1. I'd like the Karplus ³J(HN,Hα) series for segment 39-51: coefficients 6.51, -1.76, 1.60, θ = phi - 60°, whole numbers in Hz, and an x wherever there's a Gly or Pro.
2. How large is the Kirkwood hydrodynamic radius of the chain, counting all unique pairs of alpha carbons, in Å?
3. Please name whichever of Q27, A37, P4 sits farthest to the positive end of the charge dipole of the chain, dipole taken about the Cα centre and charges placed at Cβ: Lys and Arg +1, Asp and Glu -1.
4. Return one whole number: the accessible area per residue of the chain in Å², for a 1.4 Å probe.
5. As a check on your grasp of the helix formula, calculate [θ] at 222 nm for the chain: sum -39500 (n - 2.57) over DSSP H runs of n ≥ 4, divide by the residue count, round to the nearest 500.
6. Leaving ligands, DNA and RNA out of it, report the carbon-plus-sulfur percent of the accessible area of segment 18-57 at a 1.4 Å probe.
Amino acid sequence: MGAPADIDQLQRRITMLEQELADTQGQLEERTDELDAARAANRELTRALNHSPLSRQ
């Protein structure tokens, strides 16, 4: 005998939600990496602008 249909359905739903969560966490990690890279680029550009000869006029 297997589990009642509603329990099987709930287990499938849990599996689906766990996969969706893993996918969403992966997307969040990618976006966090992109944001970190953008922040680093912004710091470099700001540093370059602050040390350029034009900024000392």
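1. Listing the rounded values in order: 5, 5, 4, 4, 4, 5, 5, 5, 4, 5, 5, 6, 10 Hz.
2. Working: mean 1/r = 0.0646 Å⁻¹.
Evaluated over the chain, this radius sits at 15.5 Å.
3. About the Cα centre, the residue reaching furthest to the positive side is A37.
4. Numbers: 5480 Å² over 57 residues.
Averaged over the residues of the chain, the accessible area is 96 Å².
5. Details: 1 runs with 46 residues, N = 57.
Value at 222 nm, helices only: -30000 deg cm²/dmol.
6. Values: 2010 of 3810 Å².
Answer for segment 18-57: carbon and sulfur cover 53 percent of the accessible area.
The values are calculated or read from the model by the stated rules, or taken from the named source; none is laboratory data. All figures in this text were calculated on a predicted structure; none of them were measured in a lab. Here Cβ is always computed from backbone atoms with ideal geometry, including for glycine, and neighbour counts include all displayed protein chains. SASA here: full protein model, heavy atoms, side chains in, ligands and nucleic acids out. Shrake-Rupley method; radii C 1.70, N 1.55, O 1.52, S 1.80 Å.
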